[in-house]
Amino acid sequence: MDWLEKTTKWMMLIVGTCGLLVIYFGFFYLIFNGRSTAVIPWYILISPWICIYFGLKQRTQIEVIRWFTSKFSRKQP
């Protein structure tokens, strides 16, 4: 079962990376050509990152969550 989990995580990383390239290059292509990007919903721009996140090892996922919470939480004096 361990090989299935590793293979699934590897595929999530590959699909997320390819999706990231395709979606963001298309997004910037539309911006630089002067076309409207209003038709692109915000969740399409986030979805490759979710795929990449779930493709990471569990330890790395926890580190990412810690980084986000430290980045976006208020620092008390």
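If the only charges are +1 at each Lys and Arg Cβ and -1 at each Asp and Glu Cβ, what is the size of the charge dipole of the chain around the Cα centre, to the nearest 20 debye?
Working: 9 positive and 3 negative charges, 72 e Å.
Roughly 340 debye for the chain.
When the accessible area of the chain is split by element with a 1.4 Å probe, what percent falls to carbon and sulfur?
With neighbouring chains kept in place, the figure for the chain is 70 percent.
Rg to Rh ratio, the stretch 16-57, alpha-carbon atoms and Kirkwood radius?
1.06
Test of understanding: in a Gaussian network model of the chain with alpha carbons linked when under 10 Å, which of Ile31, Ile46, Ile14 would top the mean-square fluctuation ranking?
Ile31
For the chain, what does the helix formula give at 222 nm: sum of -39500 (n - 2.57) over DSSP H segments with n ≥ 4, over the residue count, nearest 500 deg cm²/dmol?
Computed mean residue ellipticity for the chain: -27000 deg cm²/dmol.
Please list, in order along the stretch 28-42, the HN-Hα scalar couplings obtained from phi with the Karplus expression 6.51 cos²θ - 1.76 cosθ + 1.60 (θ = phi - 60°), rounded to whole Hz, x for Gly and Pro.
5, 4, 5, 5, 6, 8, x, 8, 6, 9, 5, 7, 8, x, 5
Would you mind calculating the relative contact order of the chain from Cα pairs under 8 angstrom and at least 6 residues apart, reporting the percent as a whole number?
42
Which value, in Å², gives the accessible area per residue of the chain when a 1.4 Å probe is used on the protein heavy atoms?
The answer is 88 Å² per residue.
P(r) tail for the chain, what percent of Cα pairs lie past 17 Å? Mind dumping the intermediate values first?
Details: 1750 of 2926 pairs.
Distances greater than 17 Å cover 60 percent of the Cα pairs.
Name the aspartates and glutamates eligible as straight-distance cross-link partners of Lys75: C-alpha to C-alpha under 19 Å, and not fewer than 8 places from it in the same chain.
Of all the aspartates and glutamates, those that pass the test against Lys75 - Cα under 19 Å, at least 8 places apart if same chain - are Glu63.
Compute the length gained on full extension between Ile23 and Met1: take 0.36 nm times their separation in residues and subtract their Cα-Cα distance, giving the result in nm to one decimal.
Length gained, Ile23 through Met1: 4.7 nm.
The values are calculated or read from the model by the stated rules, or taken from the named source; none is laboratory data. Just so it is clear, the model here is predicted, and its values are computed rather than measured. Ideal geometry is used to build each Cβ from the backbone, glycine not excepted, and the neighbour counts take in all protein chains shown. Quick note on the areas: whole protein, heavy atoms, side chains included, nothing else; ligands and nucleic acids left out. Shrake-Rupley method; radii C 1.70, N 1.55, O 1.52, S 1.80 Å.
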